[in-house]
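K.L.:
Sharing a structure with you now.
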Amino acid sequence: MKIQDTLTERKLDFVPPTRPVRLYVCGITPYDTTHLGHARTYVFFDVVRRYLRFKGHQVQYVQNITDIDDPLFERARSLGTSYHSLAQTYIRQYDQDMSALNVLPADDYPRVSASIPEIARMVQLLLERDHAYVRDGRVYFRVASFPGYGNLSHLAPVEMIELGREHGEDPDDPRKENRLDFILWKPSRPDEPSWPSPWGPGRPGWHIECSTFALEHLGNPVDIHGGGDDLIYPHHENEIAQSESVTGATPFARYWMHVGMVRLGGEKMSKSLGNMVFVRDLLGSFTADALRLYVLSHPYRAAMDYEDRALDEWSAVAQRLDQAATEEEIGHPRAEVDRWTTEFMRAMDDDFDIRSAIAALLGLADLQRSSDTALRGAAARELRRLSEVLGLSLG
Ligand SMILES: [Zn+2]
């Protein structure tokens, strides 16, 4: 199996570990309803996990929940509600939406609010190793102490400074030794939750949680680290800097996989732009199978533009597969069937070429035209088996 790795920019052979495969995917900040962009990322990694299992690997899957962060506090403020109840509401909705999409739950969903001591310990380790410094109740990561900074995003410092600014970093903060340094711990505003710490009361910055959770819940190294491609900089770049500075070991993650954004009207689907299509609305008109096929059919690293019409087309494909999978007759393995199994696995092994894998499922579906009932039975059975890898509920 080959994986296109963001760090090396190469398609690498996946060398499985002798222990379970450690999969870490950055999760949600629960301040709004799940939109199609979230669905695309989490459905994709659901398929990565299912395929690893299909190939006989055990998988340990951790996905964090950022329930302490600025966007959540801002939304709670504007709604006049508590951040905690807002987070609870949207975590519940996310669980419902993922379950409706037939996404298998991760093994663990660590939350920031329940992990402050572990996160503070990580900050302390970075300070002890001189990778961080304290200024006015804030702790900053010292980017100059980490020579590999920028290797994941392949950006020049000036580009990182500007992109960081768009993601809420403050390069002009005069307390910083270097404009690229980022926050590990900061004081809370009066209406925000706050915890005591050796550096003053406050709360963690956004990036340190994922280093903490990956190392605590999975261990070093993580095998596959994933997320949306909007997380490459600064979030994942910072995660590498923090994690490798704490462990002293390289690499923190053996394979970095990133899923492209979903766009609407030419812009990334996002809360800030208000151009979102919600999963629960789509599930009122389309089946989970149709939605999964739609988001999975696009090359996963590329951005995709949302279109209603395309969903109609994928609904028709889902129906065709469903009808083809109903044949109950038990058939024996046949070369005509094996050919499509081989093609399905070839496609999946090629950095998750899911569009070609779907074409192989349609090849199996076409065998239902045969007058040979045993062949139809064997093809239907194989179609049901392979479609589970894509999380489809056929037959
Ligand atoms: Zn993360």
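No lab work stands behind these numbers, since they all come straight from the coordinates. Keep in mind the model is a prediction, meaning the values are calculated, not measured. Cβ coordinates were reconstructed from backbone atoms using ideal geometry, including for glycine residues, and neighbour counts include every protein chain displayed.
K.L.:
Between Ala335 and Gln319, what is the label-to-label distance in nm when each label sits 7 Å out along the Cα-to-Cβ direction?
P.N.:
3.6 nm
K.L.:
Also, quick follow-up: Can you list the residues, at least 5 places off or on another chain, whose amide H is less than 5 Å from the amide H of Asp5, using H built in the peptide plane?
P.N.:
Arg10, Lys11, Leu12
K.L.:
State to the nearest 20 debye the size of the charge dipole of the chain about its Cα centre, where the only charges are +1 on K and R beta carbons and -1 on D and E beta carbons.
P.N.:
The dipole magnitude comes to about 520 debye.
K.L.:
What share of the DSSP beta bridges in the chain is antiparallel, in percent to the nearest 5?
P.N.:
Given both bridge residues lie in the chain, the antiparallel proportion sits at roughly 45 percent.
K.L.:
Ignoring everything except DSSP H segments at least 4 long, calculate the 222 nm mean residue ellipticity for the chain; use -39,500 (n - 2.57) per segment, divide by total residues, nearest 500.
P.N.:
Value at 222 nm, helices only: -13000 deg cm²/dmol.
K.L.:
Sort the stretch 17-259 into rounded, prolate or oblate with this rule: let a ≥ b ≥ c be the square roots of the eigenvalues of the Cα gyration tensor; rounded if a/c is under 1.5, and if a/c is not under 1.5, prolate when a/b is larger than b/c, oblate otherwise.
P.N.:
oblate
K.L.:
Also: How do 349-358, 9-18, 194-203 rank on mean C-beta neighbours within 10 Å, highest first?
P.N.:
The peptides rank, most packed first, as 349-358, 194-203, 9-18.
K.L.:
Kirkwood hydrodynamic radius of the stretch 248-291 from all distinct Cα pairs, in Å?
P.N.:
Final number for the Kirkwood radius of the stretch 248-291 is 13.6 Å.
K.L.:
Using 0.36 nm per residue, how much length does the chain from Val158 to Asn178 gain when fully extended, once their Cα-Cα distance is taken away?
P.N.:
6.0 nm
K.L.:
Using θ = phi - 60° and the Karplus relation 6.51 cos²θ - 1.76 cosθ + 1.60, list the HN-Hα couplings for the stretch 57-67 in order, rounded to whole Hz, with x at every Gly or Pro.
P.N.:
After applying 6.51 cos²θ - 1.76 cosθ + 1.60, I find 8, 7, 10, 10, 10, 10, 9, 7, 10, 7, 9 Hz.
K.L.:
Which cross-chain or sequence-distant (5 or more) residues have an amide H under 5 Å from the amide H of Arg263, H modelled 1.01 Å from N in plane?
P.N.:
Met269, Met304, Asp305, Tyr306
K.L.:
So if each residue of separation counts as 0.36 nm, and I subtract the Cα-Cα distance between Ala144 and Ala359, what length gain in nm does that give?
P.N.:
Using 0.36 nm per residue and subtracting the Cα-Cα distance, I get 72.5 nm.
K.L.:
Going Cα to Cα from Lys271, which aspartates and glutamates come in below 13 Å? Please leave out same-chain ones fewer than 8 positions away.
P.N.:
Asp32, Glu74
K.L.:
Using amide H atoms built 1.01 Å from N in the peptide plane, name the residues 5+ places from Ile28, or on other chains, whose amide H lies under 5 Å from its own.
P.N.:
Thr66
K.L.:
Further question on the same structure: Starting from the alpha-carbon convex hull of the stretch 200-248, give the projected area averaged over all orientations, in nm².
P.N.:
Spelled out: convex hull of the Cα atoms, projected over all directions, averaged, 4.1 nm².
K.L.:
Something else about it: Please work out whether the stretch 209-362 counts as rounded, prolate or oblate from its C-alpha gyration tensor, where a ≥ b ≥ c are the square roots of the eigenvalues and a/c under 1.5 means rounded, while otherwise a/b larger than b/c means prolate and anything else oblate?
P.N.:
Oblate is the answer for the stretch 209-362, as a/c is 1.5 or above yet b/c matches or exceeds a/b.
K.L.:
Compute the acute angle (0 to 90°) between the alpha-carbon long axis of helix 83-100 and the principal axis of greatest extent of the alpha-carbon atoms of the chain; round to the nearest 10°.
P.N.:
It is inclined by approximately 20 degrees.
K.L.:
Hey, which lysines would be in cross-link range of Lys11, C-alpha to C-alpha under 25 Å, not counting anything within fewer than 8 residues on its own chain?
P.N.:
Lys2, Lys55
K.L.:
Determine one quarter of the surface area of the Cα convex hull of the stretch 51-96, which equals its mean projected area, and express it in nm² to one decimal.
P.N.:
Result: 4.4 nm².
K.L.:
Summing Lys, Arg as +1 and Asp, Glu as -1, what charge do residues with Cβ under 15 Å from the Cβ of Phe141 carry, Phe141 excluded?
P.N.:
Net of charged neighbours comes to -3.
K.L.:
Taking Rh as the Kirkwood radius, which is the inverse of the mean 1/r over Cα pairs, what is the Rg/Rh value for the stretch 106-219?
P.N.:
So for the stretch 106-219, dividing Rg by the Kirkwood Rh gives 0.96.
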